[in-house]
Amino acid sequence: MSRRRIVLLGAAAVVVASAAAIVASAAGRSGAAATDELTATFRPDPNAVELPLEYENRPYDDRFTFARVRFEPPRYSRSRQFYWGLDLKWNHDYPWGEENFSRILAEYTSLSVTEGVGDIWSLNDAELFRRPFAYLCEVGFWHPSDQEAENLRAWLLKGGFLVVDDFFGPRTLDNFLEAMEKVLPGYDAVELDETHPVFDSFFHIETLEFEHPGLPHLVPRYYAFFEENDPDRRLMVIANHNHDIGDYWEWSGNDYWPVSLTNEAFKIGVNYVIYGMTH
């Protein structure tokens, strides 16, 4: 079980919790002294084995290109619902999610955007370091190796901004926090509310009360990791727990989900990109 602290930002008091149980502690930010000089070096993991898939990433240019992180899940299955006929977890909502989102991003912002499917990179691809923004989903099935975790840490410390999406329930949160302990050892997960600047970086998000597509009983939570483990510094990772904005993006062209919620999902995504590109 992960013992990472979850700090509620903006609360009257600091609340300390793990993903599954309350931790008996009332100390200040954990690991602050140990994390001030956190460093990492990119090195491909020589033991990585990835399922070969046919896709083509775009040559690097100065346009914003949506980047999705792939990983080797502990198990996967065949399903017509997902691209390649495989439920690989990280490929949920691909390619239509980023295709629709990139068009919205190009239409409503002044960013020069590569409109289309977007790129796919593993944490062993140095090309990921050409992309300042990346999207990672279904982290309940994500088990990065030590070197993959260090590679992600190097990308984040260099200035990368990671959006984590499409995972729900305590087990998946616990797995995500355990993985992030390898990526950013000693760092706290900070629960955000709508007052954080990321929710006002382009569109003004008035409320984070949102309905999960297909699972309306879930209450979304937004967990963040900050540079130098300091909530006053740059936000490096934001995780949408009990949420799935990518699903709203994917099905925005039909009547699966209410237009009002689909619009909010696009607005949150645009805010994430603008924040990540300006901080």
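The values are calculated or read from the model by the stated rules, or taken from the named source; none is laboratory data. As the structure is a computational prediction, the values presented were derived from the model and not from experiment. Note that we place each Cβ from the backbone using ideal geometry, even for glycine, and neighbour counts take in every protein chain shown.
Among the candidates LEU105, LEU111, which residue alone is under 20 Å from the mean Cα position of the chain (by Cα) and either on the phi < 0 side of the Ramachandran plot or at pLDDT 95 or above (or both)?
Details: LEU111 fails: under 20 Å from the mean Cα position of the chain (by Cα).
Answer to the selection: LEU105.
With the condition kept exactly as written, say whether any residue in the range 86-94 is modelled with pLDDT of 95 or more, among the hydroxyl-bearing types (Ser, Thr, Tyr), crowded, with 22+ Cβ neighbours inside 10 Å and under 22 Å from TYR272 (Cα atoms).
yes
Which pairs turn up if I take residues in the range 89-102 that are under 17 Å from LYS267 (Cα atoms) and assigned to a helix (DSSP H, G or I) and look for partners that are modelled with pLDDT of 95 or more and aromatic (Phe, Trp, Tyr) with beta carbon separation below 6 Å, at least 6 apart in sequence or on another chain?
Close Cβ pairs satisfying both conditions: GLY97/TRP249; GLU98/PHE66; ASN100/TRP249; PHE101/TRP249; SER102/PHE66.
Residues are listed down the side, and each one gets a yes or a no for (1) surrounded by 15 or more Cβ atoms within 10 Å (Cβ to Cβ); (2) in contact with a helix residue (DSSP H, G or I) (Cβ under 6 Å, 6 or more places away or on another chain); (3) of a type in the set (S, T, N, Q); (4) farther than 17 Å from GLY160 by Cβ:
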| position | (1), (2), (3), (4) |
| --- | --- |
| ASP45 | yes, yes, no, yes |
| GLU50 | no, no, no, yes |
| GLU56 | no, no, no, yes |
| TYR60 | no, yes, no, no |
| THR65 | yes, no, yes, no |
| ARG68 | yes, no, no, no |
| PRO73 | yes, yes, no, yes |
| TYR76 | yes, no, no, yes |
| GLN81 | no, no, yes, yes |
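Residue check: is GLU194 without any contact (Cβ under 8 Å) to a residue 24 or more places away in the chain and in contact with a Ser or Thr (Cβ under 8 Å, 6 or more places away or on another chain)? It would help to see each step written out before you state the result.
Values: without any contact (Cβ under 8 Å) to a residue 24 or more places away in the chain: yes; in contact with a Ser or Thr (Cβ under 8 Å, 6 or more places away or on another chain): yes.
It is true that GLU194 is without any contact (Cβ under 8 Å) to a residue 24 or more places away in the chain and in contact with a Ser or Thr (Cβ under 8 Å, 6 or more places away or on another chain).
Would you point out the residue of the range 206-244, among those that are small (Gly, Ala, Ser) and under 15 Å from VAL163 (Cβ atoms), that is surrounded by the fewest Cβ atoms within 10 Å (Cβ to Cβ)?
Filtering the range 206-244 down to residues small (Gly, Ala, Ser) leaves 214, 224, 239.
Filter again for under 15 Å from VAL163 (Cβ atoms), leaving 224, 239.
Numbers: ALA224: 19, ALA239: 24.
Restricting to residues being small (Gly, Ala, Ser) and under 15 Å from VAL163 (Cβ atoms), the top hit is ALA224.
For every residue, the table says whether it meets (1) part of a strand (DSSP E or B); (2) farther than 16 Å from LYS267 by Cβ; (3) among the acidic types (Asp, Glu).
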| position | (1), (2), (3) |
| --- | --- |
| PRO144 | no, yes, no |
| ASP166 | yes, yes, yes |
| PHE176 | no, yes, no |
| VAL198 | no, no, no |
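With the requirement that a residue be over 19 Å from VAL139 (Cα atoms), within 21 Å of the chain's Cα centre (by Cα) and in a loop (DSSP other than H, G, I, E, B), what does the range 64-82 give you?
Passing the criteria: only THR65.
Residue by residue through the range 200-220, note down the ones that are charged (D, E, K, R), in contact (Cβ under 8 Å) with a residue 12 or more places away in the chain and assigned to a loop (DSSP other than H, G, I, E, B). Let's see the steps before the verdict.
Taking the range 200-220 first, the residues charged (D, E, K, R) are 200, 206, 209, 211.
Checking the rest, the ones that are also in contact (Cβ under 8 Å) with a residue 12 or more places away in the chain come to 200, 206, 211.
Residues satisfying the conditions are GLU206, GLU211.
Hey, does the range 116-132 have a residue that's on the phi > 0 side of the Ramachandran plot and buried (at least 16 other Cβ atoms within 10 Å of the Cβ)?
We begin by selecting, within the range 116-132, every residue on the phi > 0 side of the Ramachandran plot; these are 116, 118.
Okay, now just the ones that are also buried (at least 16 other Cβ atoms within 10 Å of the Cβ), so 118.
Yes, because at least one residue in the range 116-132 is on the phi > 0 side of the Ramachandran plot and buried (at least 16 other Cβ atoms within 10 Å of the Cβ).
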